[in-house]
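Report on one structure; see the data block that follows.
The values are calculated or read from the model by the stated rules, or taken from the named source; none is laboratory data. Bear in mind that the values here come from a model prediction, so they are computed numbers and not experimental data. Counting neighbours? That spans all protein chains shown, and the Cβs are built from the backbone with ideal geometry, glycine included. Just the protein is used for accessible areas: all its heavy atoms, side chains included, with ligands, DNA and RNA removed. Shrake-Rupley method; radii C 1.70, N 1.55, O 1.52, S 1.80 Å.
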Amino acid sequence: MRKSVFGLLLAALLLCLAQAFADTTVQMEPVSGAVTFNDNYIVLTPATLSEHQELLSDRGQTLAEAEADWAARGVLAQAWLTDRTVCVEVTAVQDEEARQYFDLDQQTSRVRSEYRSMHLKDPRFNSDTYDVKTADWKLQAHGGRFLILKYKAIRNGVFRWGYARKTVRNGYTITLDYQVNQDRALRETDARALNVIANSVTFTVTGEAITESSALVHFTAEPPTETNSDTFTVTGNCAPGAHIISVLMRMSSSTVVRLDTDANKKGDFKIKVKLPEEGVWVMSMTFDVGETTVAEHAFPTTTYSKNLLPVSLDQPIPSEITEDELVISGVTAKGITVQCIVNNGSVNYTKQIRTNGSGKFTFKVPTAIEGTYDIVLAFSKKGLNDRRFTYTAARAITEQDIRTREKSDAIKPAYSVLTKKIAGYVGKTMTYNVYITEVNQLGEEWIIQAAMKSGAKGYSNLIVIVAKDDPGFEIGSQHRFYGTCTGTYQIQSEEGADGLPSFDLLFWE
């Protein structure tokens with residue numbers, strides 16, 4: 001009996017040891033944390049990249065390119081399912097969010113609510129290339145609060161869905177990005193798999209981090225960079241009960257304004273500023289807890305003039321345009337007439353709006369055509385000094401731009417519809433996954449016969465792809481192509497001539 005019990009205990013111990021050795025724990029050194037992956041994953045770290053050059057090669061990367069890419073993006077690890085259909089990427093970066101929030105677990109619920117809303121509204125997370133669809137908080141088993149994101153993003157020129165867990169801890173933005181590397185919808189099993197990984201995350205909270213939390217300051221309203229009003233309000237959140245000293249100095253004189261206030265029990269504060277005279281002002285703030293100064297902050301200058309027409313752009317106008325649409329947006333005063341004039345020889349865009357009480361303005365300029373764009377923004381209102389800004393931006397069309405457009409234009413009619421209405425599809429860009437059935441050279445072209453279906457009875461739904469180069473594919477292998485429909489191609493066989501849908505190849509994927 002004792003031997004039996006001992007045997008069971010030994011077996012259980014060996015099972016636990018085997019499981020422990022099967023798991024891979026990655027130390028997230030910059031953030032004093034760790035994340036664990038089970039044996040379903042092949043785990044790559046900066047230290048082990050050289051051991052996985054075949055996987056990198058499959059992704060079109062050399063070792064040097066991967067090392068440079070990881071360093072630039074703060075990648076700590078990539079965990080690939082053994083069938084390579086899923087990649088979970090772990091990153092830690094000291095970005096603007098990390099500097100602003102430092103540690104979301106030590107922020108108020110209101111601040112966390114703002115962080116969540118930002119991912120649903122901010123253009124950084126809602127663009128043509130990356131679009132967050134849902135964002136919700138979840139308290140993970142060991143790592144505290146993580147934002148659950150479901151998003152759609154362009155990867156290798158194709159839109160794909162993904163899940164992510166994201167938070168800010170110890171001064172870093174940490175992201176667990178669950179990337180599905182095949183053309184399929186996300187599944188509930190994907191969400192559960194990422195949750196298991198997120199539950200394995202742990203952080204070491206040091207005394208330094210706890211001290212740092214009292215220095216967290218989050219501003220919800222800052223001083224304007226330009227204003228024609230002598231009054232504005234600064235609001236935010238800091239350590240509860242902190243004493244706040246605000247000092248405003250005019251750059252060209254010795255005039256100084258001091259304002260004292262205390263944060264409430266929740267850490268909220270509100271400071272109403274009244275400037276005594278026109279000029280260029282700089283505002284600084286000091287936050288004291290007891291006898292200790294825990295934080296200091298200095299803002300950019302504020303220019304105050306009664307006749308000034310204030311203008312602030314959300315983003316600077318780029319010198320190089322990379323998208324087919326340039327969004328110009330910002331904020332000015334109420335009732336301002338704003339005119340946007342853009343010309344590049346082919347594109348002539350002119351639009352005029354009048355701002356409402358928010359003072360916000362937005363222009364969406366089409367920039368799909370290559371060339372140099374001359375941009376003029378003009379602001380006017382009776383009683384204020386008119387302002388006019390001019391910019392020059394260049395748009396260069398890259399091979400990737402062309403491919404992205406062709407992918408967005410591609411259609412995929414059913415084979416029965418394609419063959420029946422082939423004349424109406426001539427000139428259209430299409431895409432299909434096909435099985436290669438035959439490859440022959442004819443003059444300077446390669447005639448590739450392919451099938452959309454493969455089954456027990458063989459190949460069916462046959463087509464012809466005309467290419468300038470030998471694709472080098474094995475017969476029976478499956479590939480996705482993008483091509484322009486050219487009509488019907490006649491294939492001679494023992495039974496006669498068969499007319500098959502034909503395409504001029506644009507590219508393989």
Worksheet item: Is one or more of the residues making up segment 427-439 free of Cβ contacts under 8 Å to residues at least 12 places away in the same chain and open to solvent by 30 Å² or more (accessible area, probe 1.4 Å)?
Response: no
Worksheet, complete the sentence: Restricting segment 104-116 to residues that are charged (D, E, K, R) and modelled with pLDDT under 85, the one least open to solvent (accessible area, probe 1.4 Å) turns out to be Asp105
Worksheet entry | Matching option when the condition is open to solvent by less than 30 Å² (accessible area, probe 1.4 Å), among the polar types (S, T, N, Q) and either farther than 30 Å from Phe159 by Cβ or out of contact with any His (no Cβ under 8 Å at 6 or more places or on another chain) (or both), among Thr332, Thr419 | Thr332
Discussion item. One residue is enough: does segment 149-157 have a residue meeting the conditions buried (at least 19 other Cβ atoms within 10 Å of the Cβ) and either closer than 25 Å to Met28 by Cα or touching a Gly at 6+ places or on another chain (Cβ under 6 Å) (or both)?
Written reply: yes
Worksheet item: Restricting attention to segment 357-405, which residues are touching a residue at least 60 places away in the same chain (Cβ under 8 Å), β-branched (Val, Ile, Thr) and not in a strand (DSSP E or B)?
Response: Thr404
Worksheet item: Is it the case that some residue within segment 201-209 is open to solvent by 50 Å² or more (accessible area, probe 1.4 Å), in contact with an Asp or Glu (Cβ under 9 Å, 6 or more places away or on another chain), modelled with pLDDT under 95 and among the aliphatic types (A, V, I, L, M)?
Response: yes
Fill in: Residue under evaluation Gly60, criteria (1) of a type in the set (Gly, Ala, Ser); (2) in a loop (DSSP other than H, G, I, E, B); (3) open to solvent by 70 Å² or more (accessible area, probe 1.4 Å), criterion not met
(3)
Fill in: Filtered residue count, segment 245-300, keeping only those that are under 18 Å from Thr227 (Cα atoms), without any contact (Cβ under 8 Å) to a residue 24 or more places away in the chain and polar (S, T, N, Q)
0
Fill in: Criterion (touching an Asp or Glu at 6+ places or on another chain (Cβ under 9 Å) and open to solvent by less than 60 Å² (accessible area, probe 1.4 Å)) met by exactly one of Val376, Val338, Val327, Val342
Val342
Discussion item. Looking at Gly487, Gly458, can you tell me which residue is more than 30 Å from Arg155 (Cβ to Cβ) and open to solvent by less than 30 Å² (accessible area, probe 1.4 Å)?
Written reply: Gly487
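Residue-wise test of (1) under 14 Å from the mean Cα position of the chain (by Cα); (2) among the aromatic types (Phe, Trp, Tyr); (3) over 25 Å from Asp190 (Cα atoms).
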| position | (1), (2), (3) |
| --- | --- |
| Ala72 | no, no, yes |
| Val75 | no, no, no |
| Met118 | yes, no, no |
| Val132 | yes, no, no |
| Val158 | no, no, no |
| Arg169 | no, no, no |
Discussion item. For segment 39-57, give me each residue that is in contact with a helix residue (DSSP H, G or I) (Cβ under 8 Å, 6 or more places away or on another chain), open to solvent by 40 Å² or more (accessible area, probe 1.4 Å) and without any contact (Cβ under 8 Å) to a residue 24 or more places away in the chain.
Written reply: Asp39, Ser50, Gln53
Item to complete: For Lys351, indicate whether it is part of a loop (DSSP other than H, G, I, E, B), of a type in the set (D, E, K, R) and either closer than 29 Å to Pro123 by Cα or open to solvent by less than 50 Å² (accessible area, probe 1.4 Å) (or both).
Response: no
